[in-house]
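> If you scroll down you'll find the structure; I have some questions about it.
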Amino acid sequence: MKKEDMKPIVEVYPQEERDYWDAPYDYDSLLESIGNIVVQVDDDDYQGDSRVLFRDGQRLGLLIFGWGSCSGCDALQACGDLKDVDELRSELFDSIQWFENADETISYFETKDWSKEFYCHGNETKEFVDNVIDYLRINKELQ
């Protein structure tokens, strides 16, 4: 998974011919354009965090980021054009923490003190951690 392998941003968020910019608000298309999502847990609110596990062969990538409900508190909605959206996608890509295999990923997920992270509120982080560990244990071919 390399930045240069991602599809052009204009294919991710096609823009109709019009006289104004209509910023996207849904991260799903952006995340799918980054890579193969195997586990994702989002907060169920108007603002919060997304926790995503990507798979690239045997490598696994962890991305956690926050979002909001308006252009004043959400990076995607604040984008002024597709160039800004592409830059945001690049920043998210660069924020992915990569693990070489399932064993390394499981070890990280089992030993990390998740309670110290800013995004550890509600049940979503526990659900994400449990789902990742279950996914990796079930899918032995990643090891």
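> Among the residues of segment 93-143 satisfying the criterion of being in contact with a Leu (Cβ under 7 Å, 6 or more places away or on another chain) and aliphatic (A, V, I, L, M), which is nearest to Tyr27 (Cα to Cα)?
Residue satisfying both the conditions and the ranking: Ile96.
> Across segment 123-143, what is the total count of residues that are in a helix (DSSP H, G or I) and at pLDDT below 90?
Number satisfying all stated conditions: 3.
> May I pose another question? Looking only at segment 25-58, which residues are among the charged types (D, E, K, R) and crowded, with 17+ Cβ neighbours inside 10 Å?
Those that are among the charged types (D, E, K, R) and crowded, with 17+ Cβ neighbours inside 10 Å: Asp43, Asp49, Arg51, Arg55.
> A follow-up question, please. So how many residues does segment 1-32 have that are acidic (Asp, Glu) and more than 16 Å from Leu76 (Cβ to Cβ)?
6
> Sort through Phe109, Phe128, Phe118 and tell me the only one that's touching a Lys or Arg at 6+ places or on another chain (Cβ under 8 Å) and not polar (S, T, N, Q).
Phe128
Table: residues versus (1) crowded, with 19+ Cβ neighbours inside 10 Å; (2) of a type in the set (Lys, Arg); (3) at pLDDT below 95; (4) over 24 Å from Pro14 (Cα atoms).
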site	(1), (2), (3), (4)
Leu62	yes, no, no, yes
Ser69	no, no, yes, no
Gly72	no, no, yes, no
Cys79	yes, no, yes, no
Leu82	no, no, yes, no
Arg89	yes, yes, no, no
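> Next question. When you scan segment 1-31, how many residues do you find that are under 23 Å from Lys126 (Cα atoms) and among the acidic types (Asp, Glu)?
Selection size over segment 1-31: 1.
The values are calculated or read from the model by the stated rules, or taken from the named source; none is laboratory data. Model, not experiment: these values are computed from the prediction. So basically every Cβ, Gly included, is an ideal-geometry build from the backbone, and we count neighbours across all protein chains shown.
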